[in-house]
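One structure is given below, encoded as structure tokens.
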Amino acid sequence: MQEGLTLGERAEQGKITAFAGSTGGDFDVDAAGGSTGMTSSNRAISVGFTMKASEAVTVGVGLGKAKADASFGNEGGGYRTDELAYSAFAAMKSGGFYANGAATMASLDFKEMRRNITLGQVKRTTSANTSGSNASFFLNGGYDFAIGNFLVGPTASWTSQNVEVNGFDETGGGVAGLRMASQKRRSEVGSFGVRASWDFGGIIPYAKWTADKERENGERLVTATPLTMAASGSSYDLPAYSLDSSYTTLTVGVRGVIAGWLGYGVNYTKLSGRSGTAEDYVGGTVSIRF
């Protein structure tokens, strides 16, 4: 949706722009420290509208749908997620200064959660489904210094996120089945870096690099209760997987306008610096001006 907003900023005042975008990528975690690791394939689509409210301000709304298909290493199981997100966003630009922000509310569905268990010679598979919510807020600002048609300057952003997942009971695991308590996770990521672009008229290549820091990276515990002991309320806590708090993000892409009414954008994003993980995405957006 960020690319849709950026394309909308290039429209004439009072004009409405419709956009559609798609993003796909992978997030993989290596096996280490007793963890079997994980591979995850992620896909998302979004549609929305923007309006150039004034010479300096652009506003918009969007709807997004995201899917993830994850598998644990050593045939340990996996899960699927569906996320439906509603967003409102705005951007402001005055001279070289710019700022934009977005607020998003999303519903989460966790499906086909599977855990494969080996007890002696017996193999069992538990299954479960649950739901949750994801609320986030993003704010970005900076300044572009102009050298002819080349723009370069500092950029900073803040991303706040609150995820809640409802509790659930596993089925099909016999004595190995668990009751998982509800979970909450808060994330606060601050980013600072540099961005640059070069306007060739109908085409604008660009790049952005940021150093990112997770401010809410304390230990998070997940409470589990064996279903055979649910009546007594006996439970134990497990440490949730935690990523490195510092990393970098690089985005490169190109955007432009054809015939004055059809906008386009493609980009590639890679996150680096988190030990034992690999994460990258490719996205594309088209927009139509009315």
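So here's what we get for this one:
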| quantity | calculated |
| --- | --- |
| Relative contact order [Cα under 8 Å, 6+ residues apart], the range 139-290, whole percent | 17 |
| For GLY263, distant residues with modelled amide H under 5 Å away | ILE258, SER287, ILE288, ARG289 |
| Point-charge dipole on Cβ atoms (K/R +1, D/E -1) for the range 164-255, about Cα centre, debye to 20 | 280 |
| Label-to-label distance, nm, for residues given as LEU262 and PHE137 (7 Å Cα→Cβ offset) | 4.0 |
| Top of ILE45, ILE16, ILE117 by mean-square fluctuation, Gaussian network on the chain, Cα under 10 Å | ILE117 |
| Directionally averaged projected area (convex hull, Cα atoms, the range 148-290), nm² | 13.0 |
| Loop-located GluC sites (Glu not before Pro) in the range 209-266 whose Cβ has at most 16 other Cβ within 10 Å (DSSP) | GLU216, GLU219 |
| Cut-off under 5 Å, modelled amide H: who pairs with GLY173 long-range | SER127 |
| For the range 223-290, diffusion coefficient by Stokes-Einstein and Kirkwood Rh (Cα), 10 °C, 1.306 mPa s, µm²/s | 95 |
| Test item: Cα-centred dipole of the chain, Lys/Arg +1 and Asp/Glu -1 on Cβ, debye | 320 |
| Whichever lysines have a C-alpha closer than 20 Å to that of LYS52, once near sequence neighbours (fewer than 8 apart) are set aside | LYS15, LYS93 |
| Residue order, fewest to most beta carbons within 10 Å, for VAL257, VAL175 | VAL175, VAL257 |
| For the range 42-59, 3J(HN,Hα) per residue [Karplus equation, 6.51 cos²θ - 1.76 cosθ + 1.60, θ = phi - 60°, Hz, x = Gly/Pro] | 10, 9, 8, 10, 8, 9, x, 10, 10, 9, 7, 5, 8, 4, 9, 10, 10, 10 |
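Taken together, the values in this text are just the output of simple stated rules run on the coordinates, not laboratory data. No experiment lies behind these values; they were computed from the predicted model shown. Glycine gets a Cβ as well: all are built from the backbone with ideal geometry, and neighbour counts include every protein chain shown.
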